[in-house]
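What follows is a short report on a single structure.
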Amino acid sequence: MRKNIVAGNWKMNNDLDASIELVHELILATDNIEIGYTRIVVAPTFVNLQKIREIAEGSRIEVAAQNMHQESNGAFTGEVSAEMLQNIGINDVILGHSERRLYYNETDKMLAKKASKAIGNNMNIIFCFGELLEDRKSENHFSVVENQLKNGLFHLTAKELGFVVLAYEPVWAIGTGETASPEQAQEMHAFIRSLLSSKYGKEIAEEVSILYGGSVKPSNAKEIFSKPDVDGGLIGGAALKADDFLAIVKTF
């Protein structure tokens with residue numbers, strides 16, 4: 001049975017004090033609510049990862065990195081490896097976020113290497129992908145998503161796919177106030193699951209959690225998450241406010 005997941009990507013926000021305050025609020029609140037088969041993940045900035053992981057240990061809150069390099073070591077100034085993350089107790093990582101693709105020119109080929117490196121080190125991945133506004137307007141959104149998945153992930157074996165959570169990001173709906181309708185989200189998520197089924201078989205496809213990542217808020221989370229192929233969300237802005245993030249978690 002695949003898990004429901006609510007993951008908060010804090011991006012380049014929150015200094016150490018703010019991060020500590022936020023994670024304490026989340027720990028206290030999630031200790032007192034019944035959320036069943038739901039994973040709760042937060043992804044602080046690199047400099048705060050170790051401290052937040054230490055604070056969250058033993059709680060319902062899991063801690064992930066926002067990115068990692070595809071090599072184990074070398075002359076890559078400013079980068080962080082899978083081995084470095086594991087050394088401080090981090091076993092989950094977000095890869096391929098739309099901002100990494102857009103601002104840092106991360107390609108499908110690069111992300112395929114990152115995915116293999118992470119899985120080779122027994123790390124779990126939240127793998128992001130999705131179309132731009134022009135892709136949606138030109139009705140190329142399905143082919144864009146298909147290519148991103150095939151080029152970035154479909155070199156993995158069925159066993160390796162078990163380390164992967166997918167996060168569909170309609171880029172036109174991130175930070176714009178726009179949100180794909182629940183029906184649009186379900187349509188794409190069902191398409192994604194059909195791609196997995198074609199590659200790996202229906203049984204495996206049904207085990208993969210697929211998150212929606214496009215301006216999820218307390219006001220729309222319940223309707224979006226109610227769709228059969230939507231297994232949770234990758235949350236941006238709303239993850240920075242404990243009350244908003246917890247309201248999204250409680251939709252499950």
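None of the figures in this text is laboratory data; all of them are computed from the coordinates on show. Values in this document were obtained by computation on a predicted structure and should not be read as measured data. Cβ coordinates were reconstructed from backbone atoms using ideal geometry, including for glycine residues, and neighbour counts include every protein chain displayed.
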Going Cα to Cα from Lys227, which aspartates and glutamates come in below 18 Å? Please leave out same-chain ones fewer than 8 positions away. Glu169, Glu183, Glu187, Glu206, Glu207
Mind checking which of Phe46, Phe154, Ala7 is farthest towards the positive end of the chain's charge dipole, using Cβ charges of +1 (Lys, Arg) and -1 (Asp, Glu) about the Cα centre? Phe154
Taking the Cα centre of the chain as origin, work out the dipole magnitude from +1 charges on Lys and Arg Cβ and -1 charges on Asp and Glu Cβ, in debye rounded to 20. 460 debye
What is the Cα centroid distance between the stretch 172-222 and the stretch 26-47, reported in whole angstrom? 21 Å
Given a cut-off of under 8 Å on Cα pairs at least six residues apart, what relative contact order in percent is computed for the stretch 1-64? 43 percent
Percentage relative contact order, the chain, counting C-alpha pairs under 8 Å, at least six apart: 21 percent
Can you say what percent of the DSSP beta bridges in the stretch 22-148, counting only those with both residues inside, are antiparallel? Round to 5. 0 percent
About the Cα centre, and with charges only on the beta carbon of Lys, Arg (+1) and Asp, Glu (-1), how big is the dipole of the stretch 52-121? Nearest 20 debye, please. 220 debye
Length-normalised contact order of the stretch 36-98, Cα under 8 Å, at least 6 apart, in percent, tallies to 32 percent
XL table Lys137/Lys159; Lys51/Lys150; Lys117/Lys137; Lys137/Lys222; Lys3/Lys51; Lys109/Lys250; Cα-Cα > 32 Å flagged, in table order, is Lys137/Lys159; Lys51/Lys150; Lys117/Lys137; Lys109/Lys250
Which of the aspartates and glutamates could a cross-linker span from Lys199 if the Cα-Cα distance has to be under 12 Å and same-chain partners fewer than 8 positions apart are dropped? Glu146
Rank by packing, highest mean first: peptides 243-249, 225-231, with packing defined as the count of other Cβ atoms within 10 Å averaged across residues. 243-249, 225-231
Rounded to the nearest 500, what is the chain's calculated 222 nm mean residue ellipticity when only DSSP H runs of at least 4 contribute -39500 (n - 2.57) each, over all residues? -11500 deg cm²/dmol
Report the dimensions of the stretch 140-252 along its three principal axes from the alpha-carbon atoms, largest first, rounded to Å. 39, 28, 22
